[in-house]
1. Please compute the modelled spin-label separation between THR302 and HIS470, points set 7 Å along Cα→Cβ, answer in nm with one decimal.
2. Could you provide, to the nearest whole Å², the per residue accessible area of the stretch 203-354 with probe 1.4 Å?
3. With r as the distance between the Cβ atoms of GLU435 and GLU271 and R0 = 22 Å, compute the FRET efficiency 1/(1 + (r/R0)^6) and round to 0.05.
4. What's the long-distance tail for the stretch 296-348, i.e. % of Cα pairs beyond 15 Å?
5. Do any GluC sites (Glu not before Pro) in the stretch 182-244 lie in a DSSP loop with no more than 15 other beta carbon atoms within 10 Å, and if so, which?
6. Using the Kirkwood radius over C-alpha pairs as Rh, can you work out the diffusion coefficient of the stretch 294-450 via Stokes-Einstein at 25 °C, viscosity 0.890 mPa s, in µm² per second?
7. Take the Cβ-Cβ distance between LYS371 and SER347 as r, set R0 to 25 Å, and report the resulting FRET efficiency rounded to the nearest 0.05.
8. Once amide H atoms are built 1.01 Å from N in the peptide plane, which residues 5 or more positions from LEU422, or in another chain, come under 5 Å H to H?
Amino acid sequence: MAFFLINFIFITLSFISNLVSRVIFFATAHLLVLFIHGFKAPGQSTHGALQQVSDVIKSWFEYLLELILEAISALISTLFDYLIEGLTGSASVATSAVGGLIEKTKNSFISEMEGEPEINLFDVVSSYVLHYEAYSNHKGMLQHSQRVAMSDKLMHAVQYDGYGGGTSGLKHVEVPIPTPIRNEVLVKLEAASLNPVDWKIQKGQLRPLFPLNFPLIPLTDVSGEIVEVGEGVKKFKVGDKVVLMLNIFYGGGLAQFAVTNKRLMVARPPEVSAAEGAGLSIAGLTAHQAVTQAAGIKLDGTCQKQKNILVTAASGGVGHYAVQLAKLGNAHVTATCGARNIDLVKSLGADEVLDYKTPDGAALKSPSGRKYDAVIHCATSIPWSTFEPNLSAKGKVIDITPGPSAFSTCLVKMLTFSKKKLVPLMLYPKTQNLECLVKLVKEGKLKTVIDSRHPLSKAEDAWAKSIDGHATGKIIVEIS
């Protein structure tokens, strides 16, 4: 019983530590953004700015206390369950209770958290990491209202004024064309692609982090032609075709023009269309990082031993890139998708394709009986218990959209020194990786599967299709 209590205390402290570190990280990042952003908005008093910071600290502190209380409640409930089981049963029952405590604690914690808004930590963390350098230049952190005040020329854009509303919340507006400042360029946009994070921000699933202010012109993954360069830009010039990722705090992709920091942009060769380039940023880079870094596959195919890889939701935005990149690395790829996309996924190079609605597909069983060295998990709602029997001795599940369940499972596997692991993937986009993807598309080794194309005037249709969640490849908005 003493061993049981020690385990309980250790796990409780681990959970609370994990929660505290998680919330402190995001709260600090939020405050850092406020200070780098300039601390005060134009016309805002110092008292008003201080009050804003105070409100941020208060909201995060309340959130932290709520999470800790929920975790403690779940853990105490689990403790009582096992104490009763241990006291009323045999010694062997009490011993087995200790062994099962971690798993039940995890499940109780997840159950307690079901009422929490769905927060995609991948979207949140990757966004802060991605745009850290973009915020390093204080002069570049003017609010959108300050930027557009510099120009009297108008452009067409789609924006929303607050949380919620879905497609009905999108508004077509005429707004001033933004003006690039130091280290920035103005790009005439030709195409933009949607990612789930775009409508999740509108829905309020990432607040209070995103967006920094309203109204917001959404979308970050775009391509186009440079029409103006700011001071300090030497690598690019007017007339260059580019693929770029806009600042997620301010978006800007659903418009005819956008400004961007030159660090998040690469040249687009003639062999790569605007739509193909626009699809690469978040989805392509996520797949690249999952395959090359998390799964350890070399794209030149020089791995000493062929790896067995499973890609779930292989016909989706990230999944269809992951299949192709894994095959470039000479991996044996098993993939899951809907029945209508089986032929497509096979054409991308998958060796085995499972219909996820069939019994074998739902169980993730390889038709050839292989055990997976890595799973690039692009789907949702698949429990660890489904993955575990299909993994090799040191197999790992790489979750590209980790939520509370993924992080708690990761913690459990660490605490139990399991050789099978769950790895929450935090995207760290790098310019050289985006250049690599563009080069592969140019050489015909990688392709962007396009689900549908929509003009800017019909952006609501693209938005609705993304929310529906069954797109094959990327949803593209074409901008004239």
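The values are calculated or read from the model by the stated rules, or taken from the named source; none is laboratory data. Predicted model, so just to flag it, every value in this text is computed and none were measured. Reconstructed Cβ throughout: ideal geometry from the backbone, glycine too, with neighbour counts over all protein chains shown. SASA here: full protein model, heavy atoms, side chains in, ligands and nucleic acids out. Shrake-Rupley method; radii C 1.70, N 1.55, O 1.52, S 1.80 Å.
1. According to this spin-label approximation, the distance is 4.5 nm.
2. Accessible area per residue, the stretch 203-354: 34 Å².
3. Once rounded, the FRET efficiency stands at 0.95.
4. That tail contains 39 percent of the Cα-Cα pairs.
5. GLU231
6. Taking Rh from Cα pairs, D becomes 154 µm²/s.
7. Details: r = 26 Å, r/R0 = 1.03.
Using R0 = 25 Å, I get an efficiency of 0.45.
8. VAL397
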